[in-house]
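Read through the structure below, which is laid out as structure tokens, and then see the notes.
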Amino acid sequence: MFFINPFIYGGAGGDFESIATVTVGSGGASSIEFASIGTGWQHLQIRLTSRANFSFAGGLSLYIRLNSDTGSNYRWHRLHGDGASAVAAAAGAADDRIEFWKSVTDTSTSSSIFSGQIVDILDYASTSKATTVRAFNGYDANGIGTVSIQSGLWTSTNAVSTITLTSDGNWLQHTTAALYGVRG
């Protein structure tokens, strides 16, 4: 696992408390879900080390769905670079999940290369505003890799109690997601 200083990254700040950790076993998994999340923290943070079983040179997307909402209630945008070019102002509106593009390694890269993501879910328990999600992610595959800063919005004002993580393929063995509560 890795840690990015929240004061440098602009993270949520405060004390981190481990809520749950999921490590994918040898059979893989179609999704990773954190359910029945309490409301005792100011923010949530997910630290994900991932790889999925789909071949697409250049990386796969990480998809986040909150409270199992499959409606067109999500927005996202990104700033992404791969060492040769940068993509800014790419965005999605009225989607059925938040998409963090090119943030998961796939089977076209060496089996020892996993991507890393830090995802902040801000004010997740608030019922007076929509939920903002932001992510810093990337990987390096010996010259083929990406780094990106991305954000998303869930337009619901419901408190977040369930988080589902998926990708373009099933999560492969050793993919690990750790959920933390962040005190204000």
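The values are calculated or read from the model by the stated rules, or taken from the named source; none is laboratory data. Treat the numbers as computed from the prediction; the structure is a model and nothing was measured. Glycine gets a Cβ as well: all are built from the backbone with ideal geometry, and neighbour counts include every protein chain shown.
Values for this structure:
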quantity	calculated
Spans of strands (runs of 3 or more DSSP E) in the range 13-71 with at least 1 residues among the polar types (S, T, N, Q) and under 19 Å from residue 169 (Cα atoms)	16-23, 43-50, 60-66
Whichever residue in the range 116-135 is within 17 Å of the chain's Cα centre (by Cα) and either among the acidic types (Asp, Glu) or more than 19 Å from residue 34 (Cβ to Cβ) (or both) and, among such residues, is surrounded by the fewest Cβ atoms within 10 Å (Cβ to Cβ)	123
Every residue from the range 157-184 that is of a type in the set (A, V, I, L, M, F, W, C) and part of a loop (DSSP other than H, G, I, E, B)	159, 160, 172
Among (1) farther than 16 Å from residue 168 by Cβ; (2) of a type outside the set (A, V, I, L, M, F, W, C); (3) out of contact with any Lys or Arg (no Cβ under 6 Å at 6 or more places or on another chain); (4) crowded, with 19+ Cβ neighbours inside 10 Å, the one test that residue 74 misses	(3)
Residue in the range 1-40 that is surrounded by the most Cβ atoms within 10 Å (Cβ to Cβ), counting only those that are out of contact with any strand residue (DSSP E or B) (no Cβ under 7 Å at 6 or more places or on another chain) and modelled with pLDDT under 50	6
Within the range 143-165, tally of residues that are hydroxyl-bearing (Ser, Thr, Tyr), closer than 13 Å to residue 103 by Cα and either free of Cβ contacts under 8 Å to residues at least 24 places away in the same chain or surrounded by fewer than 20 Cβ atoms within 10 Å (Cβ to Cβ) (or both)	1
Output for the range 106-156, where each listed residue is touching a Lys or Arg at 6+ places or on another chain (Cβ under 6 Å) and not in a strand (DSSP E or B)	114
Condition check for residue 102: assigned to a loop (DSSP other than H, G, I, E, B) and either buried (at least 18 other Cβ atoms within 10 Å of the Cβ) or at pLDDT 90 or above (or both)	no
Subset tally (residues that are farther than 15 Å from residue 124 by Cβ, crowded, with 21+ Cβ neighbours inside 10 Å, over 13 Å from the mean Cα position of the chain (by Cα) and modelled with pLDDT of 90 or more) for the range 41-71	1
Residue, nearest to residue 77 (Cα to Cα), within the range 122-140, restricted to residues that are without any contact (Cβ under 8 Å) to a residue 40 or more places away in the chain and touching a strand residue (DSSP E or B) at 6+ places or on another chain (Cβ under 7 Å)	134
Any pair with Cβ under 7 angstrom, 6 or more apart, that starts in the range 79-90 at a residue that is farther than 17 Å from residue 134 by Cβ and ends at one that is loosely packed, with under 14 Cβ neighbours inside 10 Å and modelled with pLDDT of 75 or more	none
